[in-house]
1. Identify, please: which residue in the stretch 28-48 is in a loop (DSSP other than H, G, I, E, B) and open to solvent by 60 Å² or more (accessible area, probe 1.4 Å) and is, among those, nearest to residue 161 (Cα to Cα)?
2. Can you pull out every residue in the stretch 54-75 that is part of a helix (DSSP H, G or I) and open to solvent by less than 70 Å² (accessible area, probe 1.4 Å)?
3. Determine the pairs where a residue that is basic (Lys, Arg), located within the stretch 22-45, has a partner that is modelled with pLDDT of 85 or more and assigned to a helix (DSSP H, G or I) with Cβ atoms under 7 Å apart, the partner being 6 or more residues away or on another chain.
4. Could you grab me the full set of residues in the stretch 141-156 that are at pLDDT below 80 and open to solvent by less than 50 Å² (accessible area, probe 1.4 Å)?
5. Exactly one condition in (1) open to solvent by 10 Å² or more (accessible area, probe 1.4 Å); (2) at pLDDT 90 or above; (3) within 18 Å of residue 125 (Cβ to Cβ) is not met by residue 25; state its number.
6. If residue 51 satisfies all but one of (1) surrounded by fewer than 18 Cβ atoms within 10 Å (Cβ to Cβ); (2) closer than 16 Å to residue 159 by Cα, what's the number of the condition it fails?
7. Being closer than 30 Å to residue 4 by Cβ and among the aliphatic types (A, V, I, L, M) is true for just one of 175, 143. Which residue is that?
8. How many of the residues in the stretch 80-111 are open to solvent by 30 Å² or more (accessible area, probe 1.4 Å), modelled with pLDDT under 85 and among the aliphatic types (A, V, I, L, M)?
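The values are calculated or read from the model by the stated rules, or taken from the named source; none is laboratory data. Since we're looking at a predicted model, the values are computed, not measured. All Cβ positions, glycine included, derive from the backbone under ideal geometry; neighbour counts span all protein chains shown. Please note that ligands, DNA and RNA were not included when accessible areas were found on the heavy atoms of the full protein model with its side chains. Shrake-Rupley method; radii C 1.70, N 1.55, O 1.52, S 1.80 Å.
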Amino acid sequence: MFEVLTGTGLAASAGLNAYIPLLTMGLLARYTDAIDLPSGWQWLGNGWVIGILAVLLAIEVVADKVPVVDHVNDVVQTVVRPTAGGLAFGAGSSSETVTVSDPGSFFSSHQWVPVVTGVLIAFGVHLLKSAARPVINATTAGVGAPVASTAEDATSVVMSVVAILLPVLVLAFLVGLAFFLFWFLRRRSDRRRRRDAARGAGLQV
């Protein structure tokens, strides 16, 4: 159960920011005892890998806060974020953490399963993020882009740490994500209905 929650939290985090969960795992594995990466994933704790991830994160943080540029960045990240989600789920679910003592018991026979699962989770969160951002930009004249991006980055950081240290709290994030999805779809439907009504009134005139 903890393996699933850890992997899910890290993959969802990657859907918001591809590099934060990978960098979090690398830093915690290199400098703390909070996570012990399995042999196939120890490269995440390599100094060069951490440095590269830090540079990519810096670029992502800046690009995602500029209107229009953030949309282009989301298009590029359509491949990057799901890939990072697969890596994050695969590494996180098979690592020994402070709450997971026997990670091999869950995905031991099908090593591709956690990677595919992470790709799908990260891709779903990425689609939600990509769909919400144009709406935020349009309704706030672009002012909301840096605010929304900062909130997403902060959520990604918290989710990455929580997924490793207190994975049970990932459930709260999933519930919140479900409520946000419901609210977003309902608001989008209302906006479309009002637009269609206004268009119909204009044709009648």
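1. 33
2. Hits for the stretch 54-75 are 54, 56, 57, 58, 60, 61, 63, 69, 70, 73, 74.
3. That search, which allows pairs on different chains as well, returns 30/45; 30/50.
4. Scanning the stretch 141-156 gives 142, 144, 145.
5. (1)
6. (2)
7. So the residue among 175, 143 that is closer than 30 Å to residue 4 by Cβ and among the aliphatic types (A, V, I, L, M) is 175.
8. So the answer is 2.
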